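So the structure is just underneath, and the comments pick up after that.
A short reminder: the numbers here are calculations on the coordinates, not readings from a lab. Worth saying up front: this structure is predicted, and the values here are computed from it rather than measured. We place every Cβ from the backbone using ideal geometry, glycine too, and count neighbours over all the protein chains shown.
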Amino acid sequence: MSVLTVGDLFSGIGGFAIAAHRVGWQTRWLSEIDPYASRVLATRFPSIPNLGDVSRLVSPPTVAVLCGGFPCQDIAVCGKGVGITGQRSGLWSHFARLIGEVRPRYVVAENSPRLRSLGLGVVLDDLRSLGYDAEWHCIPAAAVGAAHQRDRIWIVAYPHGQQVEPVLTPRCFARSRTAAPAGPMDLVVSDRGPRGLWQPALAEDRAGGHAQVRSDGDALSEPNMGRMVDALPHRVDRLRCLGNAVVPDIPELIFRAIQSAVDNTSTTTYS
């Protein structure tokens, strides 16, 4: 098995790094500026350097997989709906710049499902201009057994012509605790023309909204989770970081699918 190296942008409290560790990959560097989240990273991953502000990061060490959940504040339903041109979500431009500098074999990006109508076109155009094909899929935390819905869009990209078959296929989700229903297909963006990608979707998704994978077509009610804990230190910081974090089980599924694709199609070593 090829051990892939990872660069982790917008690292938060390390959801991507946890997933990479689970599949046996090596995270070479992190990039986070939030003081509390940075302290969490330093505790969890003391041997992995935090390169800091993504907007000032230039030509970081080469990695095979560049990943990150770029800020969703201007895209998510709780925001003002400015979209990917907003001050926070606009940091995607630095993500794209670093893809061009690092030239990874795979890119994995995450954001609010509202990106579909508030910036996905920009992301795909940027990837295309960099020479990357792309796939995307809306995957909720509930699909991997979490007690909350939390729909998120996941994008996987790779250099044009590298991937014969899509990465995000039903096999990718074989380890999830709830099976995703069959549905319409999304598209893979490629200079060779679009090709199909398995994509469970609802009517509102096809109308420009977002896809929610549910077993019965209805929204899940909020779980009975206690949130008021007396004397919990840094409670506000903890809740904020959790709200910004990815559920590691989802990138783990995607990373395992990438690993399978690499092992089945190539023996090339990427540092």
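Estimated at 0.36 nm per residue, the fully extended path between VAL77 and ASP53 surpasses their Cα-Cα distance by 6.1 nm.
Restricting to DSSP loop positions (anything but H, G, I, E, B) with no more than 11 other Cβ atoms inside 10 Å of their own Cβ, which trypsin sites (Lys or Arg not before Pro) remain in the stretch 54-88?
Sparse-neighbourhood loop trypsin sites (Lys or Arg not before Pro): LYS80.
Label separation (MET1 vs HIS160): 3.4 nm, computed from points 7 Å beyond Cα along the C-beta direction.
Taking amide H positions as modeled 1.01 Å from N, with prolines and chain starts lacking one, the residues under 5 Å from SER11 and 5 or more places away or on another chain are SER31, GLU32.
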